[in-house]
1. Counting only residues 5 or more places away or on other chains, whose amide H sits under 5 Å from the amide H of A:Lys85 once H atoms are built in the peptide plane?
2. Could you give the dipole magnitude of the protein assembly as shown about its Cα centre, charging the beta-carbon of Lys and Arg +1 and that of Asp and Glu -1, in debye to the nearest 20?
3. For the range A:37-84, run through the trypsin sites (Lys or Arg not before Pro) and keep only the ones in DSSP coil with at most 14 other Cβ atoms within 10 Å of their Cβ.
4. Might you report the magnitude of the Cβ-based charge dipole of chain A about its Cα centre, with Lys and Arg at +1 and Asp and Glu at -1, to the nearest 20 debye?
5. Rounded to the nearest 5, what % of the DSSP beta bridges within chain B are antiparallel ones?
6. Restricting to the range B:89-192, compute how many DSSP beta bridges are antiparallel as a %, nearest 5.
7. Along the charge dipole of the protein assembly as shown, Cβ charges K/R +1 and D/E -1, which of B:Ser116, B:Leu178, A:Ile108 sits furthest on the positive end?
8. With a cap of 13 neighbouring Cβ atoms within 10 Å, and only residues DSSP puts in a loop, list the trypsin sites (Lys or Arg not before Pro) found in the range A:102-192.
Number of protein chains: 2
Amino acid sequence: MKINYANGVKNDSIKTSKIKSLGMLFENQINLSNEYYLTNNIANIHKKPTPIQVVKVEYPKRSRAKITEAYYRTASTTDYNGIYKGKYIDFEAKETNSNLFPFKNISIHQINHLLSVNKMGGIAFLIIFFRLFNEVYLLDIKDFSNLKDSGDKSISISKISKLGKKVETGYSPLVNYLKTIDNVYFDTKKEG
Amino acid sequence: MKINYANGVKNDSIKTSKIKSLGMLFENQINLSNEYYLTNNIANIHKKPTPIQVVKVEYPKRSRAKITEAYYRTASTTDYNGIYKGKYIDFEAKETNSNLFPFKNISIHQINHLLSVNKMGGIAFLIIFFRLFNEVYLLDIKDFSNLKDSGDKSISISKISKLGKKVETGYSPLVNYLKTIDNVYFDTKKEG
């Protein structure tokens, strides 16, 4: 059974417990971080809805339309995009339970989409959560693509820790990836 | 029955017939225009999938997951966003069959979302198709919001033609709204 998180769901009990957050889907940690950014007028970044192909819809009297046959579709773009400091932001968030992230975990469509965004002047990257190590890394799509082209089948946490940038995790926001973006993509005075 | 257009569907017979295009859902005209922009490396702008809340999923043996109960959800953001000339673009596309566009046709969530994007330095607007007149207009979200705040219930085509900017329609792309964006938001030499 696929677990479906409603968009914008408030879950303060999860928010306030770091222990619990480790068991939370990484995607949901990013969603809560985005909520924090939006509420504080820092950035406007959202998860796109999962693409679903609807085949059959019923219209029961006195109630809302009910979809009775539908299928998940492959996403042609990434899960997340939005605006931060006037710049277009686009990324995919992934997690792995080992010390390796296999390249096949991201579709070629998504990589090409991110490369296109990069070419057009947007900020395009991957955020990868190594659950075993409780470490999150941000890796620019160009670096990721170059590595993939080199012929390897996966990227190790030790390699990503050199090539990418570690993302601070904590309470609010849970995954502070915009701070990492400041360091990697913006000319900011060092804040640590 | 709701008509569902698959993303990225190619329909050249529609593309090449302006007569037919008038009967096409406006949304689909925008989607085809975005395909044109993407193919020609002009912009990377996509329609977000319709948000659907999945309640029940079945996993028949030897076949893909089948969703057997789901419901349409209200969108918290807009239908379209992406990148053009390095800038974040966000808009909602609407159509009307009269000479008036009623403000209630756009949700307050969507207006607030567009105002937030505008505040953060993005390009945020509405594209409205007046089907009876076969005319398309682009209206900046600030202008739209000011009008709405003035107490009117709708905006007429004559008012929008003064306050907004007419969008050229033709063959490729069907709805050339990026040319309008050039005129409204970028310092470009006059191209007409």
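1. Here the answer is none, since no amide H 5 or more places off falls under 5 Å of that of A:Lys85.
2. Working: 58 positive and 36 negative charges, 160 e Å.
Here the size comes out at about 760 debye.
3. Numbers: sites: A:Lys47, A:Lys56, A:Lys61, A:Arg62, A:Arg64, A:Lys66, A:Arg73; in loops: A:Lys61, A:Arg62, A:Arg64, A:Arg73.
Hits after loop and neighbour filter: A:Lys61, A:Arg62, A:Arg64, A:Arg73.
4. Roughly 460 debye for chain A.
5. On the way: 29 of 37 bridges.
For chain B, the DSSP antiparallel bridge percentage is about 80.
6. Values: 13 of 21 bridges.
Looking only at bridges with both residues in the range B:89-192, the antiparallel portion is about 60 percent.
7. Highest projection toward the positive end goes to A:Ile108.
8. Details: sites: A:Lys104, A:Lys119, A:Arg131, A:Lys142, A:Lys148, A:Lys153, A:Lys159, A:Lys162, A:Lys165, A:Lys166, A:Lys179, A:Lys189, A:Lys190; in loops: A:Arg131, A:Lys153, A:Lys189, A:Lys190.
Passing both the DSSP loop test and the Cβ count: A:Lys153, A:Lys189, A:Lys190.
Only the coordinates and a few stated rules stand behind these numbers; no lab work does. For clarity, every value in this text was computed on a predicted model and none was experimentally measured. We place every Cβ from the backbone using ideal geometry, glycine too, and count neighbours over all the protein chains shown.
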